[in-house]
Structures are given as C-alpha cells and as structure tokens.
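Below is one structure; the comments refer to it alone.
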Amino acid sequence: MKISLGAFALALAYTGHEVLAAKSNHVRGVSDADQALYQPDENGNWACLNHPDIILPMARINDDYCDCPDGSDEPGTSACPNGKFYCVNKGHVPGYIPSTRVNDGVCDYDICCDGSDEWTGIVKCENKCREFAADYAKKQAEVRRIQVSGWNARVKLVTKAAAIRQALQKELSQLENQIAVSEARVVKAREDLKLAEIQSSSRVGTKGSPLLGRVKARIDEYQKAVAALTHRIRTLETRLAQAQDILQKLNEEYNPNYNDEGVKAAVKAYQEFKESDSGDEDYYRQYIDINEADDDELFSEEQIDIDPDIVEYDSYLPLQWRLWIHDQKTKLREFLIEHGLLADRKPSGETAGVANAKKERDAAERQNNELKSKRENVSKDLAADFGDDDVFRALSGDCMDIESGEFTYQMCFNDKITQKGKSGGPITLGNFDKIEGNKIYFAHGVKCWNGPNRSAIAEMQCGEKNKILSVSEPAMCEYFFKIVTPALCTTPPETDTTPKDEL
Ligand code: MAN
C-alpha cells in the first residue's frame, strides 16, 4: 500500500521534473557528509554501496524501484524495505528514519521534526524543529545537570573509597603485627604445654616413676630392718647397763681382803672391759637418731618425687631438644600401644600445670585464628574489584528499595538483592558476585522451585542518587534491574551540546 502510494506520489513528482534533487546532484535522503558516496563514475554510472558489482545508471537512484539489496539506491523513497532516510532537521538534531516511513502519509516528528520525510505532499508536515529544539535543549540541560551533580557525587564517593581503602590497609598492617605477636604466643604456649606434659608425665609417669617406686620400696625395707636392729640395740643396751650396774656394784662393794679368787677375777675382767670400751657409740648413735626421726619428714612425696629437672638425663639438653625427645617418646609410646606392646594407660588426672598450659594454648590458638580470619577478610576486601577508581567500595551498606507487582525488592551494593512478598520474610535473589562494565551481577540466590538458583543483574547508568528504576523477571527466577547511580557518571562535557544551528 505504502509503495503504491509512494509510487503514485513519485509519478506525480516526476511530472514536475524536480523531484530527485532539490539542488542539482544532491541526492534526497542522504546527509551532506554522505553525498560524496553518490558521485557517478566516468561513464555516468554508480555502484550499490555494499554491492560494488551491481552498477546502475545515476538515474536509477531514487527512482522508486529497489535495485540494491542493501537499499542504498533508494535513500529518498520507500522502495527498499531496508533503506534509511536522512532528515536534516535544521536547528535541531538530524535523524535517520526507516525508508518504509517515507511518504507514508504520517508526519514522523519523533525523528524528522522538519517534516522532510513526507516530501511528496500527501500530507503537509510543517517544520516543528524550533519547538523540538527548545524542548530538546531543556532535556539536554536536565541531562547535563544530572551529569554534573552525579559527577560531583561520584568524586565524593571516590574520595570516600580511598579513605576506606586506606583504613583497611592500616587495619591489615596492624593485623600483621598482632598476628606476629600472636604467633609467638602460640609457639610459646605450645612449648609450655609440652614442658608441662613432660613434667607431668615424670610425676604420674610412665618412665621415671617405676624406678623411684622400687627405690622407695627398698628404702622401706631397709628402714624396717634398721628399726628392728635399733630396737634390739636398745634392749641390749638396757641389759648391758643392768649387767654393768651389777658388776659396778660388785666392783665397788666386794671385799678385797676376802680371798675369793673367783670374785677377784670377775672384778679384774670388768675393769679391763671398761677400759677396753671402743668409744664408737657416737658412730652408731647418729644412725639410730636418723631412724627415729619422723618418717613423713624423711620420705615425704616432695622428697621422693625427685625433681625431674635434676634426675632426668634430658634436662641437661636445650629446650628444643627436650621437646623433640618428648615427641619421639610420645610417638614411640603410641607405636607400642598401637602394636599391643604397651597398655594404653592414660595418666589418671591432668596436673594443674598441664590444664593451665592447655588453656593458654587454646586461648592463644583461638586468638591467632581469629586474627588470621580477620586478615583474610580484609585482604579479600582489598583485592576485590570495586570498579573504576574503586568507586563502588564507597557504596557498601547503601541499599535501595522498589515495589513492583506483589513484591518489594531491595538491592544493597556489594551485598545482595532480596525479594519480599506480602507475607513471609525476604528471600535472597542473589549475592554480590562481580561488577563488569555497567552491570552488577548477583549470584547463588535461593533455589527456584523446580528451577535454578535465583540470580540477578543490575544494569546501571549515571544518576544523581542511587535509585532502582525498574525490575523485571525476563526468565523465571532471573531478575533484571535498571538502576541509576552517581558511580556510573563520567566527567560532564565542558559546555551544552545543544546544536546551535540557526533555524
Ligand atoms: C516466587 C517469586 C517469583 C518466582 C517464583 C518461582 O513467587 O520468587 O519471582 O518467579 O517464586 O516459583
């Protein structure tokens, strides 16, 4: 219909012999810049722009018959379905309209404000470019205002992001120092624990203790024997003293004038006996005194439980060696237990020393792990890609909402997007994954019924403030957000870009 209308109009136009070119050689529907593409060759012919093998006489350009597959021979008519018509729109912004809309009886002011697309006169399209230009200028001014304001906001965001980064770097270096201290604490706590265990094992022990036990048993036996002997000695001493008393009496009271050879010999023997006293009483007396001392004092636990630092051969070794030896002993013990060569007798109770050392070791390790996990988080954060100039770093914690259909959606930068229905709590549509170009990707949301895990993409453009413009669900459980944010603003052009052409 359009073609026949166009053809009719063209036929009318041909009768006037003025249609193809407003000025000579000027091809309708082609911009001034592209006019050079429509020059004849030396034979007065022209080749289709994208099909140089199709050569036409110049008169076949804009003759309302489509010769070129790319539509390039009919820029000013509607003959080719894929052609495009250039509207000059003087005083405003030029535009291209699809050929099919040329001379279709409709004024396509949205593209051709000058009405040049309806040149056959089927419909009279007055030039509205002045009006359009004024409106356009207003819109452009608003766009520019947003660009400037958005850019200023972005500059602030970049400054904020730099401060956050600096603070994180400071935190990281503090953590490094704290970790170094904490590592040393862990090493010391572990060594202290091993030492405590070594000491404890010597006490409740597996090795030194049986020997000490045997020594103590033998001492007990000797002690009993000494006690028995001492008792015997005491008895004999008493009896000896009694005998001495008798003899002393005899010695003092006998009558030397009475010639009794038996008595005389006895007195003489007694005197010799007295003189022959060896005087070794002191010698054995000391042992008797020792034996009579308090047993508890002599054989108290403290004294029997000899300090392993003194009796253990490895106490003369450097600490590291002792720890190594302890490890080897532990391994050997485990090996023997595992192979049934040694009963798995655990020490009956933990000494306070070991318990305290364990507490300290656990606390040191816990602190060390916490610091390390903090360091990992900070390092990850610092290494993450937050877009050009790190700008999105400054937006962490900023959230925006939109209500759409039966749901309320919330997007939090660098965090997640949620969806909340009228009832029930929010569900996660996706967790922050990455920023690429003008898109933020959110992945691994809550699983879709009978489908994939929910995910979302937020497409950004420059805006004064963060705002969600729209949300859609192009495929089930795949969400698409359009948002504006200052983070996406670029340096605004120096001046207003509204065309200054005179009308
Ligand atoms: C919920 C919402 C929708 C989604 C369906 C899928 O109703 O998350 O967006 O399409 O689940 O079952």
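The values are calculated or read from the model by the stated rules, or taken from the named source; none is laboratory data. If you're wondering where the values come from, they're calculated on a predicted model, not measured in any experiment. Backbone-built Cβ (ideal geometry, glycine too); neighbour counts: all protein chains shown. Note: accessible area is taken over every heavy atom of the protein model, side chains too, but ligands, DNA and RNA are not part of it. Shrake-Rupley method; radii C 1.70, N 1.55, O 1.52, S 1.80 Å.
Tabulated results
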{"item": "Qualifying residue in region 48-65 (condition: in contact with a strand residue (DSSP E or B) (Cβ under 7 Å, 6 or more places away or on another chain), assigned to a loop (DSSP other than H, G, I, E, B) and at pLDDT 95 or above)", "result": "yes"}
{"item": "Looking only at region 386-403, and only at residues there that are more than 17 Å from ALA162 (Cβ to Cβ) and open to solvent by less than 50 Å² (accessible area, probe 1.4 Å), the one that is nearest to the ligand (Cβ to nearest atom)", "result": "ILE402"}
{"item": "Subset of region 449-475 that is assigned to a loop (DSSP other than H, G, I, E, B) and at pLDDT 95 or above - its residue that is farthest from the ligand (Cβ to nearest atom)", "result": "GLU464"}
{"item": "Residue within region 404-422 that is away from the ligand (no atom under 16 Å from the Cβ) and part of a strand (DSSP E or B) present", "result": "yes"}
{"item": "Number of positions in region 221-241 that are in contact (Cβ under 8 Å) with a residue 60 or more places away in the chain and over 23 Å from ASP277 (Cα atoms)", "result": "3"}
{"item": "First in region 348-364 and in contact (Cβ under 8 Å) with a residue 12 or more places away in the chain, second anywhere and part of a loop (DSSP other than H, G, I, E, B), Cβ under 8 Å, 6 or more apart", "result": "LYS358/GLU350"}
{"item": "Index of the failed condition, PHE413 passing every other in (1) over 30 Å from TYR136 (Cα atoms); (2) modelled with pLDDT under 95", "result": "(2)"}
{"item": "Within region 423-437, considering residues that are in a strand (DSSP E or B) and in contact with a strand residue (DSSP E or B) (Cβ under 7 Å, 6 or more places away or on another chain), the one farthest from the ligand (Cβ to nearest atom)", "result": "LYS434"}
{"item": "Output for region 97-116, where each listed residue is assigned to a loop (DSSP other than H, G, I, E, B), open to solvent by less than 10 Å² (accessible area, probe 1.4 Å) and of a type in the set (Val, Ile, Thr)", "result": "VAL102"}
{"item": "Complete set of residues in region 421-451 that are open to solvent by 70 Å² or more (accessible area, probe 1.4 Å) and touching a residue at least 12 places away in the same chain (Cβ under 8 Å)", "result": "LYS422, PRO426, LYS434, HIS444"}
{"item": "Flag for GLY95 being among the small types (Gly, Ala, Ser) and touching a Pro at 6+ places or on another chain (Cβ under 8 Å)", "result": "no"}
{"item": "Every pair of residues 6+ apart whose Cβ atoms lie under 7 Å, when the first sits in region 475-491 and is open to solvent by 20 Å² or more (accessible area, probe 1.4 Å) while the second is within 16 Å of the ligand (Cβ to nearest atom) and of a type in the set (S, T, N, Q)", "result": "GLU478/SER455; PHE480/SER472; LYS482/SER470"}
{"item": "Given (1) open to solvent by 60 Å² or more (accessible area, probe 1.4 Å); (2) over 14 Å from ASP389 (Cβ atoms); (3) not charged (D, E, K, R), number of the condition ILE146 does not satisfy", "result": "(1)"}
{"item": "Where a residue in region 151-167 is under 14 Å from THR485 (Cβ atoms) and its partner, wherever it lies, is surrounded by 16 or more Cβ atoms within 10 Å (Cβ to Cβ) and among the aromatic types (Phe, Trp, Tyr), with Cβ under 9 Å and at least six apart", "result": "LEU157/PHE392; ALA161/PHE386; ALA161/PHE392"}
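For (1) modelled with pLDDT of 65 or more; (2) open to solvent by less than 80 Å² (accessible area, probe 1.4 Å), each residue gets a yes or a no:
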{"residue": "PRO256", "(1), (2)": "yes, yes"}
{"residue": "VAL263", "(1), (2)": "yes, yes"}
{"residue": "LYS268", "(1), (2)": "yes, no"}
{"residue": "GLU275", "(1), (2)": "yes, no"}
{"residue": "GLU281", "(1), (2)": "yes, no"}
{"residue": "SER300", "(1), (2)": "no, yes"}
{"residue": "LEU319", "(1), (2)": "yes, yes"}
